[in-house]
């Protein structure tokens, strides 16, 4: 019989995690519950759904960061005025995850901890240079999201840790944000390619850009080659430089959802569009 | 474990493994077979129920997670007056407009659409639904379903908000017509026969 724990606070949650590292940590269940009736029951559940305080979204003015509680659902993320104002592409991505039923249950912390290479919010977190807050009975630490994914569905999360918050730097007014998801249809489709970018444009040229893709590698990736290629260029030239740099930066695979050739072509198109849309 | 929940407005208790899907608890343990299983993967929306007032796929909810929470199924949409069952406006319009064929997706669509009418057709992120962002008691928001919306905007909103309910029969057109017709009823104040389940 599966054991069931429902912590009433973050302190109780990390204590449960430390005591039972083999239990399944469950929030909205939108990934972990798929075909649950055909899979062996876990030894136990640590249920974080609606953990008090875990879904709060606030602005840390001192650090210039949005603090998004790991338990925030995609509905909460997309509707929250602070997210809409300061991290518009995260709100946009949230609105394209599954559809209403999935958005009402899926959480940002679940997306991060589950670390699917096709997790829709993950390229956005890379492009926005987000940090994670990770909690355990040993204490709290911060980790750049970029260092969190260590491979195909492997992460830097300790066996006794929980993701407690996602910290997103507030974008400066001069920074232009880009997000595009390409799937088979608009709703309920798992992505073939996702692209996110934050582009600092000054005096008509790109000063700095962070460019991230999803579903083109074993994990969500920043494309350093593209980022370097566009610095100092006007949007039209940056678009062509970005397009040309993609093939050297990624080698997507073919699978049930798409082919290697299609993914590469779409990634090149999206890399160009990030910059061409600026002008 | 013993799971105690408010089911369609009434207290219910059931002894089930915490990992069992809410869908199976409803159909097999509580004999509420109105909720259908389509895909079992959270893709199709056939098994949609309201969990604490929000539409969710019941195939993706663990029974343990329902302890102490409120669940509304398609059986809870109709109201009763003097022993007579009065269908929710959405249910009546799905019938009247021909918005159903084989019927597997229909309960999920009815639950989802009834929820949308109760909290208005504001698209996510447009600010109309900010009051619902705490995720609880969404139905308590008394927005008029068509308030401030043109016909085209209302149609687009219905399509986006029902995008998680897959139908293989109707082509969706008549489903959208039915939801818009129900929304007009509610907006016209014909609430006597349309009100939310009490």
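Couple of notes before you dig in:
- Residue A:232 surrounded by fewer than 14 Cβ atoms within 10 Å (Cβ to Cβ) and at positive phi: yes
- Taking the stretch B:48-61 as the range and being in a loop (DSSP other than H, G, I, E, B) and touching a helix residue (DSSP H, G or I) at 6+ places or on another chain (Cβ under 6 Å) as the test, the residues that pass are B:53, B:61.
- Qualifying residue in the stretch A:102-120 (condition: modelled with pLDDT of 95 or more, surrounded by fewer than 24 Cβ atoms within 10 Å (Cβ to Cβ) and assigned to a strand (DSSP E or B)): no
- Only one entry of B:38, B:64, B:45, B:34 meets the criterion of being within 13 Å of the chain's Cα centre (by Cα) and either more than 9 Å from chain A (Cβ to nearest Cβ) or outside any loop (DSSP other than H, G, I, E, B) (or both), and that entry is B:34.
- Residues of the stretch B:115-173 satisfying the condition of being out of contact with any strand residue (DSSP E or B) (no Cβ under 7 Å at 6 or more places or on another chain), in a loop (DSSP other than H, G, I, E, B) and modelled with pLDDT of 85 or more: B:150, B:162, B:163, B:164, B:166, B:167, B:168, B:169, B:170, B:171, B:172
- Test: residue in the stretch B:6-19 that is free of Cβ contacts under 8 Å to residues at least 24 places away in the same chain and part of a helix (DSSP H, G or I): no
- When each of A:215, A:198 is tested for being modelled with pLDDT under 95 and either on the phi < 0 side of the Ramachandran plot or crowded, with 24+ Cβ neighbours inside 10 Å (or both), the lone residue that passes is A:215.
- Residue tally, condition out of contact with any strand residue (DSSP E or B) (no Cβ under 7 Å at 6 or more places or on another chain) and touching a residue at least 60 places away in the same chain (Cβ under 8 Å), over the stretch A:236-270: 3
- Residues within the stretch A:67-97 that are over 20 Å from residue A:178 (Cα atoms) and facing chain B (nearest Cβ under 7 Å), tallied: 3
- Unmet criterion (only one of (1) buried (at least 18 other Cβ atoms within 10 Å of the Cβ); (2) at pLDDT 95 or above; (3) over 13 Å from the mean Cα position of the chain (by Cα)) for residue A:89: (3)
- Residues located in the stretch A:40-66, provided they are farther than 18 Å from residue A:87 by Cβ, more than 11 Å from chain B (Cβ to nearest Cβ) and touching a strand residue (DSSP E or B) at 6+ places or on another chain (Cβ under 6 Å): A:54
- Some residue of the stretch A:2-14 being under 16 Å from residue B:21 (Cβ atoms), surrounded by 21 or more Cβ atoms within 10 Å (Cβ to Cβ) and at the interface with another protein chain (Cβ under 9 Å from one of its Cβ atoms): yes
- Enumerated strands (runs of 3 or more DSSP E) restricted to the stretch A:133-237, each holding at least 1 residues that are in contact with a helix residue (DSSP H, G or I) (Cβ under 6 Å, 6 or more places away or on another chain): A:162-169, A:175-182, A:193-202, A:205-214
- Annotation: of all residues in the stretch A:16-30 being surrounded by fewer than 17 Cβ atoms within 10 Å (Cβ to Cβ) and in contact (Cβ under 8 Å) with a residue 40 or more places away in the chain, the one that is farthest from the other protein chains (Cβ to nearest Cβ) is A:18.
The values are calculated or read from the model by the stated rules, or taken from the named source; none is laboratory data. Here the structure is a predicted model, which is why all the values come from computation and not from measurement. Using ideal geometry, Cβ is built from the backbone for each residue, glycine included, and neighbour counts are taken over all protein chains shown.
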